[in-house]
1. Which of the three applies to the range 190-340, rounded, prolate or oblate, going by the alpha-carbon gyration tensor with a ≥ b ≥ c and a/c under 1.5 meaning rounded?
2. Only loop residues by DSSP count here, and only those with at most 16 other Cβ atoms within 10 Å; note down the trypsin sites (Lys or Arg not before Pro) in the range 260-317 that meet that.
3. What are the trypsin sites (Lys or Arg not before Pro) within the range 209-252 that DSSP puts in a loop, where the Cβ has at most 14 other Cβ atoms within 10 Å?
4. Can you return the lysines within cross-link range of LYS292? Criterion is Cα-Cα under 20 Å, with same-chain partners fewer than 8 residues away left out.
5. Using the Cα gyration tensor of the chain, with a ≥ b ≥ c the square roots of its eigenvalues, what is the shape: rounded (a/c below 1.5), prolate (a/b larger than b/c) or oblate (neither)?
6. Total Lys pairs in the range 106-208 closer than 28 Å by alpha-carbon, pairs eight or more apart in sequence or interchain only?
7. How much accessible area does SER64 have with a 1.4 Å probe, in Å² rounded to the nearest 10?
8. Checking the a/c ratio against 1.5 first, then a/b against b/c, what shape does the Cα gyration tensor give for the range 96-170?
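The values are calculated or read from the model by the stated rules, or taken from the named source; none is laboratory data. Since the model is a prediction, treat every value here as computed from it, not as a measurement. No Cβ is skipped: glycine too gets one built from the backbone with ideal geometry, and neighbour counts run over all protein chains shown. For accessibility, only protein heavy atoms count, side chains too; no ligands or nucleic acids. Shrake-Rupley method; radii C 1.70, N 1.55, O 1.52, S 1.80 Å.
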Amino acid sequence: MKLEIKKFLKGALCISENEEGWVECSRFMPNQRNAYREDWRFYMCALGDAGICLSLSTDARKISFECRIASGYGTGGVPDKGKYEEEDWQVNQEVLYGNSFDVEVNGNQVLSIPWKQGNISFEIENPDEKVQEVNAFFPFMIGSAVRNLCVEGTIANTIKTYKKMLFLGDSITQGANCMHSGGIWPVLVAKGKRMELINQGVCGYVFRAESIATLEDAGFVPEEIVVAYGTNDWADIRDEERLTGNMRDFFTQLERVYGKVKKYVVTPLPRMDESTVEACMPLQLWREYIAKEAGKYPSISVLSGMELMGAEKDLFADGVLHPNDKGAKEIAAHLLKVIQ
């Protein structure tokens, strides 16, 4: 059975289809992506499909679809690279993380299929031919276009809709260095809450009010928001006035756009290098600055990142900053205990 694939895609704010039937998803509103253009590496990361998934209620034993790289993703895809050197943003099959479709059946991961251009197909054990919940999470560091969804079986008559949960953050939120796209902590938290994830994590990003300004005009209002910026700000910005000013401006804008929405602000998670990085203040003091500012708003609950994941080297994929799958699972488990 051939299906209209865009009806079964979740985790996107915008879905487009060209005349050849290729469907592309975006985690951002079109105007919103302009905020990331000043650094083309931010923009390329914003084109990744973190949290986007193909979601089906089906008795099928086999599912397939065509896949190719999304338009604009890849070397030369961004016209305003500015001062940055040319880098290869084409899909590199040697990359060990964020490069697979993770398939879950009834909430349990059963397959991990490497991304490729061409036909993607997978078989599911279903001897009793029962309707099952099947989710295929897209690679979080790649922008994909898909078409020609086919299932060998039937689809449930109703497409389930869920309340939406928006995540705003950096590479740790996007999922960088986790092995599995279905195992990053925002996916696990949204799944635990039985909500649809909108993941606007972007590698390297910091508190910037302009990244959420255009959401006000988009008509998108999530039920809950999780904010997890701060570690890049602290490591990269040497001027204390600019560091704290950017953070204050962000929360002012967030409150203006989503003042009535329940929000959780996670202060920076542990870093194994926080005692050695040259910064304008200790990281713990920066955590306190964020907590104090965010705590001024009644709609915001401040959560300590230090209480969500231990400062243990085996929880980091790179041994320093980015949680691995085990670390992501720990973050999600602790966070869910607080916000369920």
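1. In terms of gyration-tensor shape, oblate.
2. Values: sites: LYS260, LYS262, LYS263, ARG271, ARG287, LYS292, LYS296, LYS313; in loops: LYS260, ARG271, LYS296.
Answer by residue number: LYS260, LYS296.
3. Those that pass, being in a loop and sparsely packed, are ARG238.
4. LYS260, LYS262, LYS263
5. Numbers: a/c = 1.67, a/b = 1.53, b/c = 1.10.
Judged from the Cα gyration tensor, the chain comes out prolate (a/c at least 1.5, a/b above b/c).
6. So the count works out to 12.
7. Here the accessible area works out near 20 Å².
8. Oblate shape, in that a/c is at least 1.5 and b/c is the bigger or equal ratio.
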